[in-house]
Amino acid sequence: DLETLPVGEGVVRREGADIAILAFGSLVGVGLRVAERLGATLADMRFVKPLDRALVRRLAERHGHLVTLEENVVMGGAGAAVAEALADMGLTPRVTHLGLPDRFVEHGDHAVLLARCGLDTDGIERAIRAASG
């Protein structure tokens, strides 16, 4: 059976502490593996527009560090929308944006390209640990 998704509503897939990963699109699965390694919360945001501002607020109020994760360039992407929403709400958690670099990414094996961009499980975990330091 297919599940109807409420438009504009994300869902928390894993509850954790300190760090909340807000994953968009294809990186939800890898984000979940990283969240398990770090004891972090993982939210499958499901939509960029409309952004689930209530979920963003709840995560920001319960976690000191938010990490946005997307298979898109960060500038002007989902992470930027989260940052704008936080600013609009007057919330100031530490925020780390992880996504594709703002440069041409050559064609090739999807997993290899993500790893080169630091968007595989190990690369994401390293980036979050470095930002949390």
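The values are calculated or read from the model by the stated rules, or taken from the named source; none is laboratory data. Please read these numbers as outputs of a predicted model, since none were measured by experiment. Cβ: placed from backbone, ideal geometry, glycine included. Neighbour counts: every protein chain shown. Note: accessible area is taken over every heavy atom of the protein model, side chains too, but ligands, DNA and RNA are not part of it. Shrake-Rupley method; radii C 1.70, N 1.55, O 1.52, S 1.80 Å.
Counting only Cα atoms, the chain measures 41, 38, 28 Å along its principal axes, largest extent leading. Put simply, when 83-93, 9-19, 119-129 are sorted by average Cβ atoms within 10 angstrom per residue, most first, you get 119-129, 9-19, 83-93.
The fraction of accessible area contributed by carbon and sulfur in region 44-92 is 51 percent, rounded to a whole number (1.4 Å probe; ligands and nucleic acids excluded).
If you take the charge dipole of the chain about its Cα centre, with +1 on Lys and Arg Cβ and -1 on Asp and Glu Cβ, which of Val112, Pro101, Ala60 is farthest toward its positive end? Positive-end residue among those listed: Ala60.
The mean accessible area for residues of the chain, using a 1.4 Å probe and ignoring ligands and nucleic acids, is 55 Å² per residue.
Fully extending the segment from Ser132 to Val73, taken as 0.36 nm per residue of separation minus the present Cα-Cα distance, adds 19.1 nm. When only Cα pairs under 8 Å and 6 or more residues apart are kept, what is the percent relative contact order across region 20-123? Once divided by the residue count of region 20-123, the mean separation gives 28 percent. Report the FRET efficiency, 1/(1 + (r/R0)^6), for Arg53 and Asp102, where r is their Cβ-Cβ distance and R0 is 25 Å, rounded to 0.05. Computed FRET efficiency for Arg53 and Asp102 comes out at 0.45.
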